[in-house]
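Just below is one structure, and these are the notes that go with it.
The values are calculated or read from the model by the stated rules, or taken from the named source; none is laboratory data. Just so you know, these numbers come straight off a predicted model, no measurement behind them. Methodologically, a virtual Cβ is constructed for each residue, glycine included, from the backbone with ideal geometry; neighbour enumeration extends over all protein chains shown. Heads up: the accessible areas ignore ligands, DNA and RNA and are worked out on the full protein's heavy atoms, side chains in. Shrake-Rupley method; radii C 1.70, N 1.55, O 1.52, S 1.80 Å.
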Amino acid sequence: DTGVSQNPRHKITKRGQNVTFRCDPISEHNRLYWYRQTLGQGPEFLTYFQNEAQLEKSRLLSDRFSAERPKGSFSTLEIQRTEQGDSAMYLCASGFRTDTQYFGPGTRLTVL
Amino acid sequence: TQLLEQSPQFLSIQEGENLTVYCNSSSVFSSLQWYRQEPGEGPVLLVTVVTGGEVKKLKRLTFQFGDARKDSSLHITAAQPGDTGLYLCAGYAVSNYQLIWGAGTKLIIKP
């Protein structure tokens, strides 16, 4: 399968714990995006990498959130001190252009 | 603030009926994408429209970009249960190089 993959698919954690998600983009894609999506809403932009450089972060992104793409390939998204409001689907997408993005299956986070 | 408004938010119809979903904005986009998302999965890109007035067809789905590149529509002919899903539009704004997302239209096709 050469599509975007995300792990884990589901994560249940207790409030206050840290969680880390991984995204493996389509191999030749230089751009990688992270989004958050809640039920009944469209994806909300979190951050964007071009190769290993993090070029943009949403102003809505709390300092508890951090993302890396150390070698310009896979990326990780970490949430520290999780809160119940962090419960959502976290989506990763990759592409060559902003207007053509290919999404992974997402990681569903539930914070108890 | 750039917004993309989708309507209707929810649509439930019988198999075989036709339907149209709309995506509207006051902003001009250089391109607009339509995605379909199934529960528990990521959005899947259906089509990108670029030119004002452009019409693209994907089997029973017809996508149109408005002449002024501010709006788009998705028309489904003879809907089938397999068309059930969340349809999302996203517009690419050259002014700030961002992809602006609509909230989606949840479509249910009853057999």
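Quick rundown of the values:
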{"quantity": "Of residues in the stretch A:30-42 being open to solvent by 10 Å² or more (accessible area, probe 1.4 Å) and of a type outside the set (A, V, I, L, M), the one farthest from residue A:10 (Cα to Cα)", "calculated": "A:30"}
{"quantity": "Filter pass, residue B:74 being assigned to a strand (DSSP E or B), under 15 Å from residue B:13 (Cα atoms) and of a type in the set (A, V, I, L, M, F, W, C)", "calculated": "no"}
{"quantity": "In the stretch A:70-86, residue farthest from the other protein chains (Cβ to nearest Cβ) [restricted to those that are surrounded by 19 or more Cβ atoms within 10 Å (Cβ to Cβ) and within 25 Å of residue B:44 (Cα to Cα)]", "calculated": "A:86"}
{"quantity": "Of the criteria (1) under 23 Å from residue B:48 (Cβ atoms); (2) open to solvent by less than 40 Å² (accessible area, probe 1.4 Å); (3) not in a strand (DSSP E or B), which one residue A:27 fails", "calculated": "(2)"}
{"quantity": "Boolean, residue B:71 is without any contact (Cβ under 8 Å) to a residue 24 or more places away in the chain and open to solvent by 50 Å² or more (accessible area, probe 1.4 Å)", "calculated": "no"}
{"quantity": "Count of residues meeting criterion [assigned to a loop (DSSP other than H, G, I, E, B), without any contact (Cβ under 8 Å) to a residue 40 or more places away in the chain and under 20 Å from residue A:84 (Cβ atoms)] in the stretch A:30-57", "calculated": "3"}
{"quantity": "Some residue of the stretch A:33-42 being more than 13 Å from chain B (Cβ to nearest Cβ) and either under 12 Å from the mean Cα position of the chain (by Cα) or aliphatic (A, V, I, L, M) (or both)", "calculated": "no"}
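Residues are listed down the side, and each one gets a yes or a no for (1) at the interface with chain A (Cβ under 10 Å from one of its Cβ atoms); (2) more than 11 Å from the chain's Cα centre (by Cα); (3) surrounded by 12 or more Cβ atoms within 10 Å (Cβ to Cβ):
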{"residue": "B:22", "(1), (2), (3)": "no, no, yes"}
{"residue": "B:40", "(1), (2), (3)": "yes, yes, no"}
{"residue": "B:45", "(1), (2), (3)": "yes, no, yes"}
{"residue": "B:66", "(1), (2), (3)": "no, yes, yes"}
{"residue": "B:89", "(1), (2), (3)": "yes, no, yes"}
{"residue": "B:105", "(1), (2), (3)": "no, no, yes"}
